[in-house]
Protein chains: 2
Amino acid sequence: MKPLAEQIKLDFRAGEPLYMQIARQVEQMVAAGLLQVGDQLPTVRELATELRINFNTVARAYHVLDDQGLISTQRGRGTYIWEQPTEEMMQKLKQKTLEELAQRFLEESQNLGYSPEQAAEVLRQVIAASGTADMAASNIDQEM
Amino acid sequence: MKPLAEQIKLDFRAGEPLYMQIARQVEQMVAAGLLQVGDQLPTVRELATELRINFNTVARAYHVLDDQGLISTQRGRGTYIWEQPTEEMMQKLKQKTLEELAQRFLEESQNLGYSPEQAAEVLRQVIAASGTADMAASNIDQEM
DNA sequence: AAAACAAAGATACAATAATACAATCATCCA
DNA sequence: TGGATGATTGTATTATTGTATCTTTGTTTT
């Protein structure tokens, strides 16, 4: 297949920002099946050089797609098309898991030798700590 | 016991660096008693191959653990769980692990769209249910 | 015209990978 | 026995790749 860079056309005079043009065209290629799960996208620098723009602009486009879950950007490794769970899959995953998560948390805590009450107490503390916006690193150790 | 490599799960999309994920999970296995004094860890290349990452990333994880005194890495020899941590170290390690477990439980719950309070409430119910013989699936969603 | 905002670029940084290296071990043969 | 040699293991250094932060620029708003 032709290099991705050659398939992306930028219109420097369009109202649409460059990074959105890139993101949109990658989306369309995925939708068209031209890009498939696991495919590696060009590095931000490669694509930027081809398109004669700054690599941060490509990085912004990739960031948008990453937020969508369409791709996976991995520092030091590269950028890849990511499996996108369907809405119903997400829904199914959501159904049962909260209790299972709690169950697993409890089991793992008990494996460490803690009682369910201690596990619950630490959870409360972690919640409290993450709730405070500016929390000086809470030290739970002394409190138990 | 299952090979260590199979027990380590990497999330390539997580914010947490891969080497930290590895180091943390090894810590947790030590805290849980799954790894004991003298046990040999996989070589950096073995583990890296299994995890499909570069062996330097494993080496970096091992280096972190070596600095903590938890393991001993020896060029040409391999990597081993170091002397049994003192009771105090073990206590701290377990405490840290428990907090990390709570943190992860919380994050995963929130990823599913639940509030910290809902997560805590479900945990309470699971605890209560595990006390009694059977636990009917509680449906907390409508209650909060 | 000045302020405010967003897009794009420049620069420094952090995580991962690639490559070459040094220490140790295992094997074999004199 | 012991030295040679190749394989294995962790280490050091450098390159690659995405990220964070700040600056510049152009457009819009007031």
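Is it true that A:Leu47 is modelled with pLDDT of 95 or more and at the interface with chain B (Cβ under 8 Å from one of its Cβ atoms)? Judged against the criteria, A:Leu47 is not a match.
Does segment A:83-94 contain at least one residue that is hydroxyl-bearing (Ser, Thr, Tyr), in a loop (DSSP other than H, G, I, E, B) and within 21 Å of the chain's Cα centre (by Cα)?
Among the residues of segment A:83-94, at least one is hydroxyl-bearing (Ser, Thr, Tyr), in a loop (DSSP other than H, G, I, E, B) and within 21 Å of the chain's Cα centre (by Cα), which makes the answer yes.
Can you name the residue in segment B:77-87 that is open to solvent by 30 Å² or more (accessible area, probe 1.4 Å) and of a type outside the set (Ser, Thr, Tyr) and is also modelled with the highest pLDDT among such residues? Residue satisfying both the conditions and the ranking: B:Arg77. The set of residues from segment A:100-125 being under 24 Å from the mean Cα position of the chain (by Cα) and open to solvent by less than 60 Å² (accessible area, probe 1.4 Å) comprises A:Leu101, A:Ala102, A:Phe105. Looking at this structure, is B:Ser109 more than 17 Å from B:Gln28 (Cβ to Cβ), of a type in the set (Gly, Ala, Ser) and in a helix (DSSP H, G or I)? So B:Ser109 fits the description; yes. Residue check: A:Met90 meets all listed conditions (1) under 16 Å from A:Ala23 (Cβ atoms); (2) surrounded by fewer than 16 Cβ atoms within 10 Å (Cβ to Cβ); (3) not basic (Lys, Arg) but one, namely (1).
Scanning segment B:27-47 for residues that are open to solvent by less than 30 Å² (accessible area, probe 1.4 Å), within 9 Å of DNA strand D (Cβ to nearest atom) and of a type in the set (A, V, I, L, M, F, W, C) gives B:Leu41, B:Leu47. Criterion applied to A:Ala59, A:Ala23, A:Ala32, A:Ala48 was being within 14 Å of DNA strand C (Cβ to nearest atom) and free of Cβ contacts under 8 Å to residues at least 12 places away in the same chain, and the one residue passing it is A:Ala48. Inspect segment B:57-76 for any residue being away from DNA strand D (no atom under 14 Å from the Cβ) and open to solvent by 90 Å² or more (accessible area, probe 1.4 Å) and give the result as yes or no. Scanning segment B:57-76, I find no residue that is away from DNA strand D (no atom under 14 Å from the Cβ) and open to solvent by 90 Å² or more (accessible area, probe 1.4 Å), so the answer is no.
The values are calculated or read from the model by the stated rules, or taken from the named source; none is laboratory data. Small disclaimer: the values here were computed from a predicted structure and weren't measured. As a convention, Cβ positions derive from the backbone with ideal geometry for all residues, glycine included, and neighbour counts pool all protein chains shown. Just so you know, the surface numbers come from the protein's heavy atoms only, side chains and all, with ligands and any DNA or RNA stripped out. Shrake-Rupley method; radii C 1.70, N 1.55, O 1.52, S 1.80 Å.
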